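*Asks:* Right, I'll just put the structure down here and ask away after.
Readers should treat all values here as calculations from the given coordinates under stated rules, not as data from a laboratory. What you see is a predicted model; the values in this text were computed from it and never measured. A quick note on method: Cβ atoms are made from the backbone with ideal geometry, for glycine too, and the neighbour counts reach across all protein chains shown.
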Amino acid sequence: MTDFITLDPPADAAPGRGEPVLEVRDLSVDFGVDKKWVPAAIGLNYEVRAGEVLAIVGESGSGKSASSMALLGLLPTNSRVTGSVKLAGRELLGANEANIRAVRGKDVAVIFQEPMTALNPVYTVGAQIVETVRLHNEVSPEEARIRALRMLDLVELPDPEKAFRSYPHQLSGGQRQRAMIAQSLSCDPKLLIADEPTTALDVTVQAEILDLMRNLRNKLDSAIVLITHDMGVVADLADRIAVMRKGLIVETGTAAQIFHNPQHEYTQALLAAVPHLGQGGTDATTEVDVTAALAAATHAEILSIPEDELIRRERENAAALAAAEAAKPKGEPVLELKDVAIEYPKQGRVPAFRAVEGANLVIYPGQVVGLVGESGSGKTTIGRAAVGLLPVAEGTMRVVGQDISAAKRNGRQLHEMRRHVGMVFQDPSSSLNPRLPIGESIGEPMFLAKVAKGAELQHRIEALLDQVELPRDYRNRYPHELSGGQKQRVGIARALSLKPKLMVADEPTSALDVSVQARVLDLFQNLQKELGFACLFVTHDLAVVDVLADRICVMQRGRIVEQGTRDQILRNPQEPYTQRLLAAVPLPDPDKQRERRELRAQLLSGAS
Amino acid sequence: MPTYILKRFLQLIPVFLGATLLVYFLVFSLPGDPIVALFGDKPVNVAVAAKLREQYHLDQPFWIQYLLYLKSIFTFDLGQDFSGRPIATVLGEVFPVTARLAIMALIFEGVFGIVFGLIAGLRKGKFFDATVLIASLVVIAIPIFVLGFLLQFTIGVQLGWAKPTVSSAATVQDLILPAIVLGLGSFAYVLRLTRTSVIENMNADYVRTATAKGLSRFQVVRVHILRNSLIPVITFLGADLGALMGGAIVTEGIFNVPGVGNRLYRAVLSGEGPTVVSIVTVLVLIYCLSNLLVDLLYGWLDPRIRYDS
């Protein structure tokens, strides 16, 4: 524990007041695996005061979730928890079951990551909140109902009565998370544990939920422990931050200290790995300044930045935009969509669903086009249609010189076309056959296309493993023996195996940890430069396309609402939807994030 | 919802027509002359045989026979069986007995299957779970007639806890042992289905949420695990009611239960087309209705299904 660094917050900077609500001392969590104790968290020390937000940041496997679930005894039975957890001076560890139950939901409430599965699908939202209220308070059903409605109103659900009567699946993701928050707050908890509360949500919805939590923190007097892997989420909400790695807290400090002056190298690496807008400017010195761009495009006023500063940033943007105008040489398009509509075909009684309408899009050789939008916007649909997995209902789609709009499903033409197209899928774990060694997964396309076999095939597989920077002897390993990032490298190698002219990448990094994501994106970028394939990069993350893409298409509800060069979209967004999307991206910098939030508020109030 | 139920009822029409036609055809193509068989060892009286053939329309071609049969159904006059008793009366005698037997079996397999499955699921990997799993495997593996004779002999004859055969009144008490034998196979399936379902739901996020709310273990199980786990089990039970009604032939044979299975078996042997088809048609209708009931229950248990249709 030599690398343990604690920065004591200066007394005046601490936003929390009085005695700590939660005091954690020497908290260790072990899991019993194969009759051995495997540590998940080691000797954690932290405290949270009323009205204070402590963010615990770390990547998967860092022990951040396990240690927080241990506070309430929510871990599976094969775990062991030692140390001391004091809630308002009362020891929780080792307390008897009845006492712990009285604390759960009343004094300490939890918000979970996935709001769809965290609420019971067979009961109405109202019933579930009423259950919590009546469990801890001796109130009549009617009083409980009124309280539940008040909570639903507090979390800014547009129609509390309707939400009360709704089943979880009838609400959108953001509404479900609001309902979950309403349930958590229904007994005025002293401490709120939020475990990745926005990870499963779209960026605009994420921004709304973060706004809500900020408002609630000001209204209520709860202490909040926020568990997340996303430095952007933390920047605007946390007062203090604890960075965890491999079960240890490697650094704690105020938000300003961590962001502006990170001491531990892991914190520095974590911050550097967060993809954020402005990384991919045409030359490294001019950062894309979205704040200035948005302010200029919408004539919004930002109170916290001086006028001349904004003008200066905007001038930089204009210069960069002009530089970006020097377009790359073009050629025969690799992918061309003309007024394309794509439908999910009718299935039984479920009618056909038109997911994309009137899409126009061109990708030239060597170009990377980022397709961004929120869930349900149709971006994945376009990606799937481009490899012939979905039929084109209207318009023409040309892939690698062939018109596939009228191609028969599984016909010879699609077969032929797929030799020139590679695809990388979102979830590396489920897109690799678990019963095939990865070498075979990589070699399969070449074998099926009869381009190589025998020793030649083995040779090509080795070359591909080299390209994605995996050791050659990994070829005999099975997918479950690899980490997420390694699996996605295998996915990329497989997509590259036929030397495709076009690569369709569907959210290839969104299932990965930030530092892993950064390395995979790096690799992808290098391969693209080296091999020169064109790429349709589907993602929800604007920061990722900023790094990679030459052009960006923004999709909303099945339509491409805006497209242009990367710099046009990021430095001079015209569509209100693009502006909202940009303003919602969290920044790993507390000050800039505050500017962005002000701007977002103005955009939204201007829109309504 | 009403349109959904109406639609399901309309779907019964083709099922009804198809089932009757198919069964009628199968009985029609049975080898041997049922009228000749009726005389047994006695010499065939040609005049009587011709009269009987006319009475049962056996002198007509298949289609006419079938249409005449359909007509008899819609005029609520099912005719007579070969012993001269109205078929309607026969149905009225045998169906209540088998229904009683099937419902008792269903209650047995439902209650015990769910309770044992729930406990086994909650104690996954422990002694109770392992024992119950092995026992259920044994039950599934042994053919029902072996189990039937075994239980009849040990419990009925040796221990004398229950009557080894059923009286003609077929009271509830008489039927306890046959019902257990009839329900044993499905009991094992219900148990395993419940267990799997409970184990799956125990690890669900909303169960963790329920615990985090401060609910006791018992409340979590009762309110959040049990109801969600029952959805697949109910489907199985509903479909099984139809199977129990029609599939009781072996059990009814062992315990001499005067029910549908016994009568159907005799009717098939003697080639009594109208009797066979009448019984099978009622069975088909029961099967369809119990499936409809399951679908409605399904919607009640799982709102995601209710609102999507």
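*Asks:* Specify the angular offset, from 0 to 90 degrees and rounded to the nearest 10, of the alpha carbon long axis of helix A:484-496 from the longest principal axis of the alpha carbons in chain A.
*Replies:* For helix A:484-496, the angle is close to 10 degrees.
*Asks:* For the pair A:GLU143 and B:ALA47, how long in nm is the line joining their label points, each one 7 Å along Cα→Cβ?
*Replies:* About 9.4 nm, to one decimal.
*Asks:* Provide the FRET efficiency to the nearest 0.05 for the A:LYS529-B:ALA239 pair, computing r from the beta carbons and using R0 = 51 Å. Each step should come with its number before you reach the end.
*Replies:* Numbers: r = 60 Å, r/R0 = 1.17.
Taking R0 as 51 Å, the efficiency between A:LYS529 and B:ALA239 is 0.30.
*Asks:* Let me ask something else. Averaging sequence separations of C-alpha pairs under 8 Å and six or more residues apart, then dividing by the length of chain A, give the relative contact order as a whole percent.
*Replies:* Here the relative contact order equals 15 percent.
*Asks:* Relative contact order, percent, of the range A:108-188 when contacts are C-alpha pairs under 8 Å separated by at least 6 residues?
*Replies:* Values: 101 pairs, mean separation 35.2, N = 81.
Averaging sequence separation for qualifying contacts and normalising by length gives 43 percent for the range A:108-188.
*Asks:* Another one. Please compute, for peptide B:198-211, the average count of beta-carbon atoms on other protein chains lying within 10 Å of each residue's beta-carbon. Before the final figure, lay out the partial values.
*Replies:* Details: counts 0, 0, 0, 1, 0, 1, 4, 9, 12, 3, 7, 15, 8, 8.
For this peptide, the per-residue mean of nearby foreign Cβ atoms is 5.
*Asks:* Then there is this: State whether the protein assembly as shown is rounded, prolate or oblate according to the following rule on the C-alpha gyration tensor (a ≥ b ≥ c being the square roots of its eigenvalues): a/c under 1.5 gives rounded; otherwise a/b larger than b/c gives prolate, and the remaining case gives oblate.
*Replies:* Numbers: a/c = 2.36, a/b = 1.66, b/c = 1.42.
Judged from the Cα gyration tensor, the protein assembly as shown comes out prolate (a/c at least 1.5, a/b above b/c).
*Asks:* Then there is this: Of A:PRO508, A:THR565, A:VAL372, which is farthest towards the positive pole of the protein assembly as shown's charge dipole, taken about the Cα centre with +1 and -1 on the beta-carbons of Lys, Arg and Asp, Glu respectively?
*Replies:* A:PRO508
*Asks:* If packing is taken as the mean number of other Cβ atoms within 10 Å per residue, what is the order of B:232-242, B:213-223, B:157-167, A:483-493, highest first? It would help to have the intermediate numbers written out before the result.
*Replies:* Details: B:232-242: 19.7, B:213-223: 17.3, B:157-167: 13.5, A:483-493: 23.1.
So the peptides B:232-242, B:213-223, B:157-167, A:483-493, ranked by packing, come out A:483-493, B:232-242, B:213-223, B:157-167.
*Asks:* At a 10 angstrom cut-off on C-beta neighbours, averaged per residue, how do the peptides B:32-43, B:71-82, A:204-215 rank from highest to lowest?
*Replies:* On the way: B:32-43: 11.6, B:71-82: 14.2, A:204-215: 19.8.
With the highest mean Cβ count within 10 Å placed first, the list reads A:204-215, B:71-82, B:32-43.
*Asks:* In nm, give the distance between the simple-model label positions of B:ILE107 and B:SER216, each being 7 Å from the Cα along the Cα-to-Cβ direction.
*Replies:* Roughly 2.9 nm, to one decimal.
*Asks:* Something else: Report the gain in length on full extension from A:SER510 to A:ASP339: 0.36 nm times residue separation, minus Cα-Cα distance, nm rounded to one decimal. Let's see the in-between values first.
*Replies:* Numbers: separation 171, 0.36 × 171 = 61.56 nm, distance 2.91 nm.
58.7 nm is the gain from fully extending A:SER510 to A:ASP339.
*Asks:* Quick one: if you stick a label point 7 Å off each Cα along the C-beta vector at A:HIS169 and B:GLU54, how many nm between them?
*Replies:* 6.3 nm
*Asks:* Right, next: On average, how many beta carbons from a partner chain sit within 10 Å of the beta carbon of a residue in A:119-128? Walk me through the numbers on the way to the answer.
*Replies:* Values: counts 4, 12, 6, 12, 6, 1, 0, 0, 1, 6.
So the per-residue partner count for this stretch is 5.
*Asks:* Can you sort A:LYS35, A:LYS501 from fewest to most other Cβ atoms within 10 Å of each residue's own Cβ? Could you put the intermediate results ahead of the total?
*Replies:* On the way: A:LYS35 5, A:LYS501 21.
By the 10 Å Cβ count, ascending, the order reads A:LYS35, A:LYS501.
*Asks:* Can you give the helix-only mean residue ellipticity at 222 nm for chain A, where every DSSP H stretch with n ≥ 4 adds -39500 (n - 2.57) and the sum goes over all residues, rounded to the nearest 500 deg cm²/dmol? Mind showing how you got there, number by number?
*Replies:* Details: 23 runs with 241 residues, N = 608.
Here the helix-only value at 222 nm equals -12000 deg cm²/dmol.
*Asks:* Taking the Cα centre as origin and putting +1 on Lys and Arg beta-carbons and -1 on Asp and Glu beta-carbons, what dipole magnitude results for the protein assembly as shown, to the nearest 20 debye? Let's see the in-between values first.
*Replies:* Working: 92 positive and 96 negative charges, 551 e Å.
Around 2640 debye, computed over the protein assembly as shown.
*Asks:* What residue among B:ASN45, B:ILE134, B:VAL221 has its Cα farthest toward the positive end of the dipole of chain B, where the charges are +1 on Lys, Arg and -1 on Asp, Glu, each on the Cβ?
*Replies:* Checked the options; the winner is B:VAL221.
*Asks:* Are there DSSP H segments in chain B that both extend 20 Å or more along their axis (alpha-carbon positions) and score a mean Kyte-Doolittle hydropathy of at least 0.5? List them, or say none. Before the final figure, lay out each step's value.
*Replies:* Details: long enough: B:2-28 (39 Å, 1.54); B:87-122 (50 Å, 1.89); B:127-141 (21 Å, 2.35); B:172-202 (40 Å, 1.02); B:227-246 (30 Å, 1.05); B:273-301 (41 Å, 1.77).
Those that pass (Cα extent of 20 Å or more, hydropathy at least 0.5) are B:2-28, B:87-122, B:127-141, B:172-202, B:227-246, B:273-301.
*Asks:* Moving on to the next point. Relative contact order for the range B:93-269: what percent, with Cα pairs under 8 Å and sequence separation of 6 or more? Present the calculation step by step, with values, prior to reporting the outcome.
*Replies:* Working: 221 pairs, mean separation 64.3, N = 177.
It comes to 36 percent, rounded to a whole number.
*Asks:* Within the range A:566-590, whose backbone N sits under 14 Å from a point 7 Å along Cα→Cβ of A:GLU309?
*Replies:* Residues passing the 14 Å test: A:590.
*Asks:* Moving on to the next point. Could you calculate the contour length gain from B:TYR4 to B:THR131, that is, 0.36 nm times the residue separation minus the distance between their Cα atoms, to one decimal place in nm? Don't skip to the end; give the middle numbers.
*Replies:* Details: separation 127, 0.36 × 127 = 45.72 nm, distance 4.36 nm.
Length gained between B:TYR4 and B:THR131: 41.4 nm.
*Asks:* If you don't mind, another one. Report the calculated FRET efficiency for A:SER375 and A:THR77 (r = Cβ-Cβ distance, R0 = 45 Å), to the nearest 0.05. Let's see the in-between values first.
*Replies:* Numbers: r = 36 Å, r/R0 = 0.79.
The value I calculate is 0.80.
*Asks:* Now a separate question. Taking 0.36 nm per residue of separation and subtracting the Cα-Cα distance, what length does fully extending A:GLU156 through A:GLU394 add?
*Replies:* Details: separation 238, 0.36 × 238 = 85.68 nm, distance 4.08 nm.
That works out to 81.6 nm of additional length.
*Asks:* Let me ask you something else. I'd like to know which of A:LEU135, A:VAL108, A:VAL421 lies farthest towards the positive end of the charge dipole of chain A, counting +1 on Cβ of Lys and Arg and -1 on Cβ of Asp and Glu.
*Replies:* About the Cα centre, the residue reaching furthest to the positive side is A:VAL421.
*Asks:* Let me ask something else. Using 19 Å as the Cα-Cα cut-off, could you pick out the over-long pairs in A:LYS190/A:LYS219; A:LYS338/A:LYS499; A:LYS246/A:LYS592; A:LYS379/A:LYS499; A:LYS35/B:LYS126; A:LYS64/B:LYS124?
*Replies:* Numbers: A:LYS190/A:LYS219 13 Å; A:LYS338/A:LYS499 26 Å; A:LYS246/A:LYS592 30 Å; A:LYS379/A:LYS499 24 Å; A:LYS35/B:LYS126 17 Å; A:LYS64/B:LYS124 28 Å.
Check vs 19 Å cut-off fails for A:LYS338/A:LYS499; A:LYS246/A:LYS592; A:LYS379/A:LYS499; A:LYS64/B:LYS124.
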